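Below: one structure, written as structure tokens.
No value in this document is a laboratory result; all are computed from the given coordinates. All values reported here derive from a predicted model rather than from experimental measurement. Cβ sites come from the backbone with ideal geometry, for glycine too, and all protein chains shown count toward neighbours.
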Amino acid sequence: MLSSQIHHVAIICSDYEKSKMFYSEILGFQILRETFREARRSYKLDLQVNSSVQIELFSFPNSPPRPSYPEACGLRHLAFAVENLEMAIDHLRFHGVETEGIRIDEFTQKRFTFFQDPDGLPLEIYEM
């Protein structure tokens, strides 16, 4: 295998300030670097998810929306591990983020649910 772990996930957002607040304040990922790239009129925000994984949050002028429903080919969703699903759901709902009903993974019997980022990107929280 070429690699044994994911280094980062890149996300393009439509409203940089709204998405910055969502990923850093609501989801709680630590901001490592924030860079404005003048030539591209674009921000790049590096967020620490855990000791080895980061999210790169980009803003580009006039990016097309992501086709989701029906689901398009490509990345389906991002899943974040949580220790307590109810506490994570309560935290999201406290911040006005709607979540779907709790589901059970038919293979692992673990519980999970889905929610969306400010651009409708499907995100999952998966109880470990």
What residues qualify as long-range amide H neighbours of ALA81, i.e. H under 5 Å apart, gap of 5 or more or another chain, H built at 1.01 Å from N?
-> TYR126
Starting from the amide H of VAL9, placed 1.01 Å from N in the peptide plane, find each other amide H under 5 Å away whose residue is 5 or more places distant or on another chain.
-> GLN54, ILE55, GLU56
Estimated FRET transfer efficiency when R0 is 22 angstrom, pair HIS7-LYS110 (beta carbons, to 0.05) = 0.30
Normalising by the residue count of the range 1-61, find the relative contact order in percent from Cα pairs under 8 Å and 6+ residues apart.
-> 40 percent
Rounded to the nearest 10, the angle in degrees between the Cα long axis of helix 85-94 and the longest principal axis of the Cα atoms of the chain comes to 50 degrees
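Please give the contour-minus-distance gain from ILE102 to ASN84: 0.36 nm per residue of separation, less the Cα-Cα distance, rounded to one decimal in nm. Could the numbers behind the result be given before it?
Working: separation 18, 0.36 × 18 = 6.48 nm, distance 1.22 nm.
This chain segment gains 5.3 nm when fully extended.
What ranking do 66-77, 85-96 get when scored by the average of other Cβ atoms within 10 Å per residue, highest first? Walk me through the intermediate numbers first.
Numbers: 66-77: 10.0, 85-96: 13.8.
Ranking, from highest mean packing down: 85-96, 66-77.
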Report, ordered by chain and residue number, the aspartates and glutamates lying within cross-link reach of LYS110, taken as a straight Cα distance under 17 Å and ignoring same-chain residues fewer than 8 apart.
-> GLU83, GLU86, GLU100, GLU124, GLU127
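Using 1/(1 + (r/R0)^6) with R0 = 25 angstrom and r between the beta carbons of TYR69 and ASP15, what's the FRET efficiency to the nearest 0.05?
Values: r = 20 Å, r/R0 = 0.81.
After rounding, the FRET efficiency stands at 0.80.
Multiply the residue separation of HIS95 and ASP46 by 0.36 nm, subtract the distance between their alpha-carbon atoms, and state the gained length in nm to one decimal. Each step should come with its number before you reach the end.
Details: separation 49, 0.36 × 49 = 17.64 nm, distance 2.22 nm.
Value of the extension gain: 15.4 nm.
Give me the Kirkwood hydrodynamic radius of the chain in Å, from all C-alpha pairs, to one decimal place? Don't skip to the answer; put the middle values down first.
Numbers: mean 1/r = 0.0630 Å⁻¹.
By the Kirkwood definition, the hydrodynamic radius is 15.9 Å.
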